[in-house]
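The values are calculated or read from the model by the stated rules, or taken from the named source; none is laboratory data. None of these values were measured; they are calculated from a predicted model. Note that we place each Cβ from the backbone using ideal geometry, even for glycine, and neighbour counts take in every protein chain shown.
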């Protein structure tokens, strides 16, 4: 009896997955999941974090500061607005930061969130300190 | 249904199992609440299902400026794979394959 119940539950789950997968993929067709990085980026002097130099550009540093100010996570459209980029370009920028291990991108075709990693948080703090030092 | 992964036994309701599988199958590895509602038949059911999966440590939830996204944890991915193996053994996986054609299921 228990085995029959298990099979019934599994069948219900599989049927619903088949229906939903098609619908979710159809929704995705109208949205982008990729973007090129911004072209004009100016390299900043390397920042040392955890004993290794981290090289950032001005726009990458700006995105990290936006994320830190937001508490560690922000939607891509706000990062775009705060850094003066389009959503597509800011997605490309976030991918550059993800390749450096500084952020994680949690995204569906419709919604995209960028989250600072622990290393990203430290780099953002170091970037902020460096910026304050230079402005003094 | 019961799923055992790395010596740990999970008791999941069919909607919860379906959510784990869907998150595993979509190429981008995450779902919005609206996607979850497709599986869980409505807003309340969706919230209840993702909350339980988060309590079990199988799903991570991100909520920023009203944007909610849910993604599998590593353990969640292992449980989803175990459910898929169960479905394959029972001859049920073809329902997914036939449903989405050659879409990568």
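For the range B:39-51, the set of residues classified as surrounded by fewer than 21 Cβ atoms within 10 Å (Cβ to Cβ) and more than 10 Å from chain A (Cβ to nearest Cβ) consists of B:42, B:43, B:44, B:45, B:47, B:48, B:51, listed by residue number.
Inclusion of residue A:73 among residues that are at pLDDT 90 or above, more than 8 Å from every other protein chain (Cβ to nearest Cβ), closer than 17 Å to residue A:116 by Cβ and within 21 Å of the chain's Cα centre (by Cα) is not warranted. Test residue B:56 against the stated conditions and say whether it is closer than 19 Å to residue B:14 by Cβ, touching a helix residue (DSSP H, G or I) at 6+ places or on another chain (Cβ under 9 Å) and in contact (Cβ under 8 Å) with a residue 40 or more places away in the chain. For residue B:56, the condition - closer than 19 Å to residue B:14 by Cβ, touching a helix residue (DSSP H, G or I) at 6+ places or on another chain (Cβ under 9 Å) and in contact (Cβ under 8 Å) with a residue 40 or more places away in the chain - is met. Suppose the filter is in contact with a helix residue (DSSP H, G or I) (Cβ under 6 Å, 6 or more places away or on another chain) and free of Cβ contacts under 8 Å to residues at least 40 places away in the same chain; does residue A:13 pass it? Yes; evaluated as a whole, the condition is true for this residue. Against the list (1) touching a residue at least 40 places away in the same chain (Cβ under 8 Å); (2) buried (at least 18 other Cβ atoms within 10 Å of the Cβ), the condition residue A:88 fails is (2).
Residues that are crowded, with 20+ Cβ neighbours inside 10 Å and in contact with a strand residue (DSSP E or B) (Cβ under 9 Å, 6 or more places away or on another chain) within the range A:68-85 comprise A:74, A:75, A:76, A:79, listed in sequence order.
Return yes or no: is residue A:65 over 25 Å from residue B:31 (Cβ atoms) and surrounded by fewer than 18 Cβ atoms within 10 Å (Cβ to Cβ)? Judged against the criteria, residue A:65 is a match.
Does residue A:107 count as more than 30 Å from residue B:34 (Cα to Cα) and touching a residue at least 24 places away in the same chain (Cβ under 8 Å)? So residue A:107 does not fit the description; no.
Report yes if some residue within the range A:17-27 is surrounded by fewer than 12 Cβ atoms within 10 Å (Cβ to Cβ), free of Cβ contacts under 8 Å to residues at least 40 places away in the same chain, on the phi < 0 side of the Ramachandran plot and in a loop (DSSP other than H, G, I, E, B); otherwise report no. No; the residues of the range A:17-27 include none that is surrounded by fewer than 12 Cβ atoms within 10 Å (Cβ to Cβ), free of Cβ contacts under 8 Å to residues at least 40 places away in the same chain, on the phi < 0 side of the Ramachandran plot and in a loop (DSSP other than H, G, I, E, B). Among residues of the range B:1-17 that are more than 12 Å from chain A (Cβ to nearest Cβ) and over 16 Å from residue B:51 (Cβ atoms), those with a beta-carbon under 6 Å from a residue that is part of a helix (DSSP H, G or I) and modelled with pLDDT of 95 or more at least six positions away or on a different chain give the pairs B:5/B:78; B:5/B:79; B:5/B:82. Every condition in (1) surrounded by fewer than 21 Cβ atoms within 10 Å (Cβ to Cβ); (2) more than 9 Å from every other protein chain (Cβ to nearest Cβ); (3) more than 20 Å from residue A:5 (Cα to Cα) is met by residue B:28 except one, and the failing one is (2). In the set (1) over 30 Å from residue B:11 (Cα atoms); (2) out of contact with any strand residue (DSSP E or B) (no Cβ under 8 Å at 6 or more places or on another chain); (3) surrounded by 15 or more Cβ atoms within 10 Å (Cβ to Cβ); (4) at pLDDT below 90, the condition left unmet by residue A:93 is number (4). Is it true that residue B:36 is touching a residue at least 12 places away in the same chain (Cβ under 8 Å), away from chain A (no Cβ under 11 Å), touching a strand residue (DSSP E or B) at 6+ places or on another chain (Cβ under 8 Å) and crowded, with 18+ Cβ neighbours inside 10 Å? No: the conditions fail for residue B:36.
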